[in-house]
Amino acid sequence: MQTLTVKCKLVLSKEQREALDTTMRAFAAACNDAIAVGRRLNTASNIRIHRVCYSDLRARHGLTANLAVRAIARAAGILKVKKRQCSTVRPTSIDYDARIFSFREADWTVSLSTVQGRIRVPLHIGDYQRTLLGSRKPTSAVVWKTRQGDYYIGIHINVETPPPEDEHGWIGVDLGIVNIATLDDGTAFSGDQIERVRARYERTRRSLQRKGTRGAKRVLKRLSGRERRFQQAINHTISRRIVDRAIAEGKGVRLEDLSGIRKSVRVRKSQRRRIHRWAFYDLRIKIAYKCALAGVPFELIDPRYTSQRCPVCGHTERANRKSQSKFVCRSCGLEANADVVGAINIALGGAVNHPEVALVDVETVLHGQDTGLRRRAATSPPSLGVGS
Ligand SMILES: [Zn+2]
């Protein structure tokens, strides 16, 4: 099971918009009060903050019981993150749970609690959202306002994915920089284009940062938005192709858990790292969504050793990975593209949780000839069939 967020635009009357604006202000003020209490008590505990200020917050900001509960939860969440301990909440969003929000499929509306009572709001949605929301009982949501003055709701739903049975087989996806995504059959989605565009943005960014004026900062912000949209479009195409293949072959999709990206991301600039992290996360989300929609099994696996294990003989050693792109097994001599080896190990379920799985035969590893896979004279066990 996985939790997805379905984003829909809210179709609001003028009165409803005012009700939400007032609620956002009250909610943010309550969050900030609760944060102040947490700081004073030197705690990030939801329960402790609640005990001290719950009734106070309700009275002072006119919040319903569960809006106050959500505000305290938000405050506790912020206090738990060291970097955010100095931040304040702006009046642009509200958190909802099952008691103060509900979704009705009959007319595609949501009911939201506000400081001026409940409002029922139609959703502006397409087939995509309908498919995801249809016959589901969402339990929480976030409402937010954009700079342009549009209002959105992100509805959290739980999606049951078919039980991952190993019989149907898996497509393994290895994430990287040189190749954004590599599949276990050798298909690679090159990162060239993205890196070129990224480098261009990077140059512009640097010169703007040197300027440091207010206008330059505005342009910077716009640039990062544009860069993200570009990356999103590419991620959309990649995820589409991966999931289409999974559907056609009746397989599930396996991906490394996010923490795994560290292994291939060695960049100095924090800005670059942030964008990469974001890009991987975005790609993962897009694959997860498309899998959920198509009923394709989706699994995240432990990424440890997936770049070091030989998928033919199982020998695992850091030195197996000779370079960014080259894998040479120190035991059986298998020579292959490192990304493809990673993807095969991911398809097998990872090297940690499935160390005992039947490993693949050489032909399976070498079928992707165009990705630089080659046989090499074996130095040890010739019985494995890795002849010259
Ligand atoms: Zn080997």
Once Lys and Arg are counted +1 and Asp and Glu -1 for all other residues with Cβ under 14 Å from that of Val121, the total becomes +2
Distances over 18 Å make up what percent of all Cα-Cα pairs in the range 77-196?
70
Please sort 204-210, 37-43 by packing, taking for each peptide the average over its residues of neighbouring beta carbons within 10 angstrom, highest first.
37-43, 204-210
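Within 9 Å, Cβ to Cβ, of Arg70, how many net charges do the neighbouring residues add up to if Lys/Arg are +1 and Asp/Glu are -1?
-1
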Students often check this: by mean Cβ neighbours within 10 Å, which of 113-122, 214-223, 341-350 ranks highest, and how do the rest follow?
341-350, 113-122, 214-223
Keeping the other protein chains in place, figure out the carbon and sulfur percent of the accessible area of the range 124-243, with a 1.4 Å probe.
49
Please report the projected area of the range 208-259's Cα convex hull averaged over all directions, in nm².
5.2
Give me the Debye-computed log₁₀ of I(q)/I(0) at q = 0.20, 0.22, 0.24 Å⁻¹ for the range 151-251, equal point scatterers on Cα only, no solvent, two decimals.
-1.06, -1.14, -1.22
Starting from the amide H of Asn179, placed 1.01 Å from N in the peptide plane, find each other amide H under 5 Å away whose residue is 5 or more places distant or on another chain.
Gly191
Could you give me the ³J(HN,Hα) list for the range 144-153, computed from phi with Karplus coefficients 6.51, -1.76, 1.60 and θ = phi - 60°, whole Hz, x at Gly and Pro?
9, 10, 8, 4, 7, x, 8, 10, 10, 10
How many angstrom separate the Cα center of the range 193-237 from the Cα center of the range 59-107?
32
With a 29 Å threshold on alpha-carbon distance, the violating pairs from Lys82/Lys290; Lys82/Lys322; Lys145/Lys286; Lys83/Lys221; Lys9/Lys137 are Lys82/Lys290; Lys82/Lys322
Quick one: Karplus J couplings for the range 93-108, per residue in order, coefficients 6.51, -1.76, 1.60, θ = phi - 60°, nearest Hz, x for Gly and Pro?
7, 9, 9, 10, 10, 4, 7, 10, 8, 8, 10, 10, 6, 3, 10, 6
Just to be sure I follow: if Rg is taken over the C-alpha atoms of the range 306-349 and Rh is the Kirkwood radius over the same atoms, what is Rg/Rh?
0.90
Strictly greater than 27 Å: what percent of every Cα pair in the range 2-159 meets that?
25
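The values are calculated or read from the model by the stated rules, or taken from the named source; none is laboratory data. Everything numeric here is computed off the predicted structure, so don't read it as measured data. So basically every Cβ, Gly included, is an ideal-geometry build from the backbone, and we count neighbours across all protein chains shown. Ligands, DNA and RNA are excluded from the accessible area calculation, which covers all protein heavy atoms including side chains. Shrake-Rupley method; radii C 1.70, N 1.55, O 1.52, S 1.80 Å.
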